[in-house]
Amino acid sequence: MSLKSKLESGKFAITCEVGPLKGTDITEVEENATLLRDKVDAANITDQQSSVMRLGSLITAYIVLQKGLEPIYQCVCRDRNRIALQSDLLSAWVLGIKNVLSITGDLPQLGDHPEAKPVYDLDSVTLLRAIKGLNDGHDMNGNELRGKPDFYAGAVVKVDSDTDASMELQIAKLEKKVAAGAKFIQTQAVYSADSFARFMKRIEKLNVPVLAGVIPLKSAGMAKYMNRSVSGVMVPDDLIQKMTDAEDKKATGIKLCADLIKQLKPLCQGVHIMAIGWEKNVPQIIQEAGL
Amino acid sequence: MILSEQKPLEDILGYLEGEKTVFILGCNGCAQSSGSGGPVQVEEMKKKLEEAGFTVTGTKVIDFLCEKALVKSGLRGKIDQVAAADSILVMTCGIGVQAVAASVNKVCHPACNTINLGGSRGEWQGSERCNECGQCLLDYTGGICPLTACTKSLVSGACGGASEGKCEISPDHDCGWELIYNRLKAKNQLDKLSALIDALDHNKLMARPEMLDTSRYALEQSDQEVG
Ligand code: SF4
Ligand code: SF4
């Protein structure tokens, strides 16, 4: 069952991430795709994540698809203008890619080519509008397409914000994303079911399927690092303490993640597991979460 | 106002490598107020270059090096000194360097880096900046420019990168969209946040061809060189 049918029929969906690596070796991508294809509904193929240059998300999405795993092609606005973005989207459809996730993208200064020219010709909202246009059979300037795609488009949102302004801006922008054609939402990593519940209450009227983002902790250090450096990630102290006290960090990280998924499940329509190098543990997380 | 700052001396010495004599040009306009190429900096540079073994054939500070007519008339009494030099070191913004290079038949070295002020022009004094985008969005944004206040020039609202009100580019830089939010809130205009704004028309962000063809430009296009 495709991600779209799953979410549209109201079933709980599971997505994860497959990140292209730097270089031409695709062994790990193929291994992960094979390992995950029967365990998840779809996998996000990250696009130059954190502004670090790697193998492209379009070709990696195609490779993953060939291996039998449904890709969600992530499309970042930082590196390509509207001509290239629209063209790559048409290419993706021709390659059989049906899901796309619209993202503005981190600044180049955060990655490994800080000297790069930032593009941002479009942003996450204007890109969604462009995708909707392509689905309707025309480009951004209304020129007719010969053969059109039918993308299932998604967007992201940050659940936890550290200022009221940031929180309200996230919600206002999420509303725009839905108005611009986003059919599903994946969230930044969540660590508190309570704050996630409050967030879901806020966006209730939007009536769009939400997949709660989770990142399994590998260590207390990782949690502290994310709290310091990743906007919108707030790992509570008690979880950090549990990781500090844990003898078997891996087993504990997996268990905490599975427990969180159990708490989030009744609140949303799916879970998005971002394993960040721990892809091989995703099946165990899913199993322990009872999905 | 255009802001410039002096390049490191080793860069300047690198440009001058293989030369023995140099003429130094400063600017009494923005470079003087930037502290990068006024009379004081020209004298300092003269000393540094002489210490480094160069012969400085002469110096001149001209009111606005960005104006070719002023460059040409300002150098009139200095033609011999310019002619005696291997090159001219021009201590001003990139526009001034280009104007001098177009007016004088000499190698011209830049002594400064021009700092992007985000589109300010004229007698601007405050903190507001405009990129001259030709499609002003201030109505939607509480009078704070999203092109210059937001590091990514986002028109649809904030990205997810801000931390504690600061932009992901630096903890010292306010998130422009949080400023916009707070302003809209103060003015009771939060409904403006839901406007779907079109992607920017970059054609309008560029100078129009007719703007490059005014009579003022035509005057500037005189081929006559001095020196
Ligand atoms: S929106 Fe455009 S015209 Fe208005 S202040 Fe900003 S750059 Fe200038
Ligand atoms: S953090 Fe704020 S100012 Fe910086 S790019 Fe994002 S929205 Fe713009």
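Filtered by the rule that a residue be surrounded by fewer than 18 Cβ atoms within 10 Å (Cβ to Cβ) and under 15 Å from B:T148 (Cβ atoms), the stretch B:170-185 gives B:H173, B:D174, B:R183. Residue by residue through the stretch A:217-249, note down the ones that are closer than 23 Å to A:F199 by Cβ and within 14 Å of another protein chain (Cβ to nearest Cβ). Result: A:M226, A:N227, A:R228, A:S229, A:V230, A:S231, A:G232, A:V233, A:M234. I'd like the residue in the stretch B:132-146 that is out of contact with any Gly (no Cβ under 8 Å at 6 or more places or on another chain) and assigned to a helix (DSSP H, G or I) and, out of all such residues, is nearest to ligand 1 (Cβ to nearest atom). By that ranking, first place goes to B:L138. The condition (being touching a residue at least 60 places away in the same chain (Cβ under 8 Å) and either open to solvent by 40 Å² or more (accessible area, probe 1.4 Å) or part of a helix (DSSP H, G or I) (or both)) is satisfied by just one residue among B:K72, B:K48: B:K72. Scanning the stretch B:149-193 for residues that are in contact (Cβ under 8 Å) with a residue 40 or more places away in the chain, more than 7 Å from chain A (Cβ to nearest Cβ) and assigned to a loop (DSSP other than H, G, I, E, B) gives B:K187, B:Q189. Just for the stretch B:138-148: of the residues that are within 13 Å of another protein chain (Cβ to nearest Cβ) and within 14 Å of ligand 2 (Cβ to nearest atom), which one is farthest from B:Y181 (Cα to Cα)? Step by step, filter the stretch B:138-148, then rank; the result is B:L147. Screening A:T126 on (1) open to solvent by 60 Å² or more (accessible area, probe 1.4 Å); (2) among the polar types (S, T, N, Q); (3) within 14 Å of chain B (Cβ to nearest Cβ) shows it passes everything except condition (1).
For the stretch A:94-113, which residues satisfy the criterion of being within 14 Å of chain B (Cβ to nearest Cβ) and open to solvent by 60 Å² or more (accessible area, probe 1.4 Å)?
Of the residues in the stretch A:94-113, the ones within 14 Å of chain B (Cβ to nearest Cβ) are A:101-111.
Of everything in the stretch A:94-113, those that are within 14 Å of chain B (Cβ to nearest Cβ) and open to solvent by 60 Å² or more (accessible area, probe 1.4 Å) turn out to be A:Q109, A:L110.
From the set of residues in the stretch A:28-46 that are among the polar types (S, T, N, Q) and out of contact with any helix residue (DSSP H, G or I) (no Cβ under 7 Å at 6 or more places or on another chain), which is surrounded by the most Cβ atoms within 10 Å (Cβ to Cβ)?
Looking at residues that are among the polar types (S, T, N, Q) and out of contact with any helix residue (DSSP H, G or I) (no Cβ under 7 Å at 6 or more places or on another chain), I get A:N44.
When A:G253, A:G232, A:G270 are screened for being crowded, with 21+ Cβ neighbours inside 10 Å and within 16 Å of ligand 2 (Cβ to nearest atom), only A:G232 passes.
Summed over the stretch A:45-73, residues that are without any contact (Cβ under 8 Å) to a residue 60 or more places away in the chain and assigned to a loop (DSSP other than H, G, I, E, B) total 8.
Looking at the stretch A:15-26, can you tell me whether even one residue there is assigned to a helix (DSSP H, G or I), open to solvent by less than 30 Å² (accessible area, probe 1.4 Å) and within 28 Å of B:L154 (Cβ to Cβ)?
Taking the stretch A:15-26 as the starting set, the residues that turn out to be assigned to a helix (DSSP H, G or I) are none.
Checked the stretch A:15-26: no residue is assigned to a helix (DSSP H, G or I), open to solvent by less than 30 Å² (accessible area, probe 1.4 Å) and within 28 Å of B:L154 (Cβ to Cβ).
Across the stretch A:162-204, the qualifying residues are those that are closer than 22 Å to A:S9 by Cβ and away from chain B (no Cβ under 13 Å), and the one among them that is surrounded by the most Cβ atoms within 10 Å (Cβ to Cβ) is A:F184. In the stretch A:130-161, which residues are surrounded by fewer than 13 Cβ atoms within 10 Å (Cβ to Cβ) and either within 12 Å of chain B (Cβ to nearest Cβ) or among the aliphatic types (A, V, I, L, M) (or both)? Across the stretch A:130-161, the qualifying residue is only A:N141.
The criterion of being within 16 Å of ligand 2 (Cβ to nearest atom), of a type in the set (G, A, S) and either more than 23 Å from the chain's Cα centre (by Cα) or modelled with pLDDT of 90 or more (or both) does not hold for B:G118.
The values are calculated or read from the model by the stated rules, or taken from the named source; none is laboratory data. Since the structure is predicted, the reported quantities are computational estimates derived from the model, not experimental observations. For neighbour counting, all protein chains shown are included, and Cβ atoms are generated from backbone atoms with ideal geometry for every residue, glycine included. When the accessible area is computed, the model is the full protein with side chains, heavy atoms only, and any ligands, DNA or RNA have been set aside. Shrake-Rupley method; radii C 1.70, N 1.55, O 1.52, S 1.80 Å.
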